[in-house]
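A short write-up of the structure that comes next.
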Amino acid sequence: MLEIKNLYARIGETEIIRGLDLKIEDGEVAAVMGPNGSGKSTLSYILAGSKNYKITKGDILYNGQSILGINAAERAVLGIFLAFQYPMEIPGVAMMEFLKVGMNAQRKARKEPALNVSEFLKHVKAMAARLEMDMSMLKRPLNVGFSGGEKKRAEILQMVLLNPKFCVLDETDSGLDVDALKTVAEGVNALRASDRSFLVITHYQRLLDYIVPDTVHVLYKGRIIKSGDKSLASYLEQNGYTDIIGEPI
Amino acid sequence: MTVSEKVALTQAETEIINNFIALKGKLPQRGLLLETARKAAMDAFYKHGLPSRRMENWHYTDMRTQLICIAPYSSKSGGALAAPLLSRSIVLGLINGQAVIPSHKAGKKMPATPFGALLANGEAELPQDFANDNVIAQLNTALVSDGWKLDFPENTSSDKIIELQNVQNGAQSHVRFPVIIGSNANVMIIERQIGNDEESFISSVSNLDISEGAQVSWIIIRTRGMTSTELNQFNARLGKNVALKLYIINAGSRFLRQEINVNLDGMGADFQLRGINLLSGKTHTDTTMVVRHLAKDTTSTEIIRNVAIDEARGVFQGMIRVAKEAQKTDASMICNSLILSDSAEFDTKPELEIFADDVACGHGATVAEIDRDQLFYLMARGIPEAQARAMLVKAFVGELIEGFDRKEMGEVLHILLDQWLQVHI
Ligand SMILES: Nc1ncnc2c1ncn2[C@@H]1O[C@H](COP(=O)(O)OP(=O)(O)O)[C@@H](O)[C@H]1O
Ligand SMILES: [Mg+2]
């Protein structure tokens with residue numbers, strides 16, 4: 001599904017990703033963990049196609065093709081989705097309108113017919129109900145005045161509606177209480193499939209109790225420094241990062 | 001008066017003066033008063049010329065250099081009226097500076113008279129004083145040929161909307177709209193400044209006198225082609241407890257000077273301005289406003305949102321004056337600009353002049369570009385860049401055209417906005 005090869009990336013003069021290698025198979029759920037400031041969000045933005053970063057070396061292959069030359073919208077159409085750690089607030093754009101425009105833009109790019117409005121509304125309402133979201137949120141401007149937890153749910157709602165193939169979840173657990181975490185994890189788990197992969201970025205093991213990963217990778221100073229199975233997450237939970245990264249943080 | 005007396009005349013000034021001379025005896029007028037007014041107006045213009053940046057009021061808009069030449073008069077019929085924007089509205093039109101008399105019954109019942117007829121029989125009023133920087137009053141008074149006079153009796157209710165259409169396809173014209181609104185009337189008027197891509201030169205002056213308790217919405221929509229020059233003055237006097245909402249949407253013209261002069265004359269009067277400037281190409285658009293709070297408990301809010309792309313240049317000069325008598329005035333003015341290209345520019349000059357001590361007045365201005373992170377967020381959901389940009393621009397200006405009593409008005413303006421975005425973003 002995804003292969004990152006010896007990737008180097010910088011913002012301005014600061015090099016943040018420094019020789020990152022990571023491979024994610026079809027159907028795999030990979031967790032990326034690491035202390036604050038390791039470059040986890042940077043990796044997620046780069047995957048989604050942010051123009052803020054300059055790739056100086058390496059490549060990202062998605063289903064065997066490099067995606068470095070294509071922009072965020074085109075990547076979304078290919079099935080790449082990012083649930084943002086900090087979703088943007090956009091006053092003046094209604095949430096529902098945004099969902100519709102996004103879905104239709106992707107359909108148009110794939111030469112599929114535009115959504116039938118009433119079917120779309122029904123679908124959105126059903127999905128929002130499953131995520132236990134308040135309907136009134138859908139009428140409000142995009143993310144404006146949403147609580148941290150509401151924003152995270154709204155990200156997962158977008159993911160469910162857009163039906164992507166490769167999902168990056170950046171600290172989706174932060175801001176969620178345990179009940180909300182369960183609901184959101186159920187939403188994610190329902191999407192697990194042999195042709196869909198996940199990159200789940202988290203700071204804590206907690207989320208991984210609900211979304212059980214196939215592989216766990218430790219990201220530090222812009223590189224993957226250790227990989228393992230889900231027991232690595234439990235190890236980190238108990239022992240912290242210090243002995244893995246070989247220095248105090 | 002001959003042209004050769006003054007060497008410093010620009011070509012445009014010369015053409016204007018020659019026009020006036022050539023039109024002698026041809027413009028509608030009767031009686032000495034009108035003749036004197038026209039002559040005094042042209043004398044003032046001859047004396048002061050086109051305003052240059054040395055005049056404070058014209059600092060950002062140097063007409064001497066902006067106005068290279070003047071589109072000449074033409075006797076061509078000049079086209080046709082457009083379909084009205086809203087159903088159930090009555091079009092009072094002008095084509096190439098000539099009123100078009102409505103043939104339908106509803107139009108005939110309107111309290112409207114062609115201004116040209118009033119000029120011709122000596123019943124029109126024209127201003128007599130011409131300040132040196134009031135070039136719009138000078139030119140319009142000297143050259144006005146027609147317009148519509150509207151006279152709404154007291155308690156008029158708003159089921160019929162009037163759409164004033166000033167159609168100018170090339171050539172030149174000068175029109176005037178004196179409007180009297182009786183007490184407790186409730187009226188909505190749309191002023192459309194439209195025309196094709198031919199070069200044109202227009203002055204248009206509206207004078208509103210609004211009596212106690214009336215509620216007025218006036219919506220100026222400007223979509224004339226990108227080679228037109230328009231000088232527009234909107235003057236209003238608001239009596240006690242009058243509420244005037246003025247909307248201005250500019251999406252055309254090569255050169256525009258939109259002046260707004262509002263006097264809050266009666267206690268409790270309220271003025272609301274919502275202005276949207278959609279600026280593109282190599283154009284110059286100037287909005288210059290003076291709001292005078294002259295009585296107690298008067299309020300005003302002005303919100304201007306500008307989008308500038310290409311090499312467009314915009315100007316907003318806003319002045320709020322609060323007289324000594326106008327205690328408890330509450331006034332605020334805000335101007336936000338979104339600049340979409342390196343060569344586009346918007347200049348803002350807000351001013352407050354306050355002579356009362358118990359008032360709440362404020363102003364603010366911002367200039368921004370498209371937020372890259374917001375753009376990325378939209379694109380990350382599959383929305384192509386141009387469409388995502390257009391969404392953000394629309395989000396920026398869209399809220400100013402919400403909340404009309406007639407819902408279709410908002411819809412029509414949203415369509416206009418979408419069309420502009422589609423072409424320019
Ligand atoms: N705009 C920026 N300019 C310079 N450095 C930045 C910028 N954004 C992030 N960084 C730095 O990049 C590093 C990685 O940040 P980030 O990817 O957000 O880490 P994480 O998500 O793992 O906490 C941090 O050291 C951070 O300070
Ligand atoms: Mg982060």
Inset, instruction - Compare the peptides B:173-181, A:113-121 by average per-residue count of other Cβ atoms within 10 angstrom and give them in order, highest first. - result: B:173-181, A:113-121
Inset, instruction - Enumerate the lysines that residue A:100 could reach by cross-link, defined here as Cα to Cα under 28 Å, with residues fewer than 8 away along the same chain left out. - result: A:51, A:108, A:111, A:122, A:125, A:139, A:151, A:152, A:165, A:182, B:394, B:407
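Take the alpha carbon gyration tensor of chain B, find the square roots of its eigenvalues, order them as a ≥ b ≥ c, and report rounded if a/c is under 1.5; if not, report prolate when a/b exceeds b/c, else oblate. Before the final figure, lay out each step's value.
Details: a/c = 1.34, a/b = 1.21, b/c = 1.11.
Rounded, because the longest to shortest axis ratio a/c is under 1.5.
Counting helices only, and only those DSSP H runs with n ≥ 4, report the 222 nm mean residue ellipticity of chain B as the sum of -39,500 (n - 2.57) divided by its residues, in deg cm²/dmol to the nearest 500.
Values: 9 runs with 93 residues, N = 425.
That comes out to -6500 deg cm²/dmol.
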Inset, instruction - Would you mind giving the mean number of other chain beta-carbons within 10 Å of the Cβ of each residue in A:40-51, as a whole number? - result: 2
Inset, instruction - Excluding residues fewer than 8 places away in the same chain, name every one of the lysines whose C-alpha is closer than 21 Å to that of residue B:328. - result: B:240, B:245, B:296
Legend entry - the range B:292-345: trypsin sites (Lys or Arg not before Pro) falling in loop per DSSP and having at most 13 other Cβ within 10 Å: B:324
Inset, instruction - Rounded to the nearest Å, what's the spacing between the alpha carbon centres of the range B:200-216 and the range A:29-97? Just the number, please. - result: 53
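Let me have the 222 nm mean residue ellipticity of chain A computed from DSSP H runs of 4+ only, each contributing -39500 (n - 2.57), with the sum over all residues rounded to the nearest 500.
On the way: 10 runs with 97 residues, N = 249.
Here the helix-only value at 222 nm equals -11500 deg cm²/dmol.
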Legend entry - Pair residue A:189, residue A:56: separation of 7 Å Cα→Cβ label points (nm): 4.3
Legend entry - Amide H contacts of residue B:78 (H built 1.01 Å from N, under 5 Å, at least 5 apart or other chain): none
Legend entry - Candidate lysines for bridging to residue B:47, where Cα separation is under 22 Å - those fewer than 8 sequence places away on the same chain excluded: B:6, B:24, B:39
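Rule-based calculations on the coordinates, nothing more; no lab input. The shown structure was predicted, so the numbers you read here are calculated from the model rather than taken from an experiment. In this analysis, Cβ positions are derived from the backbone assuming ideal geometry, glycine residues included, and neighbour counts consider all displayed protein chains.
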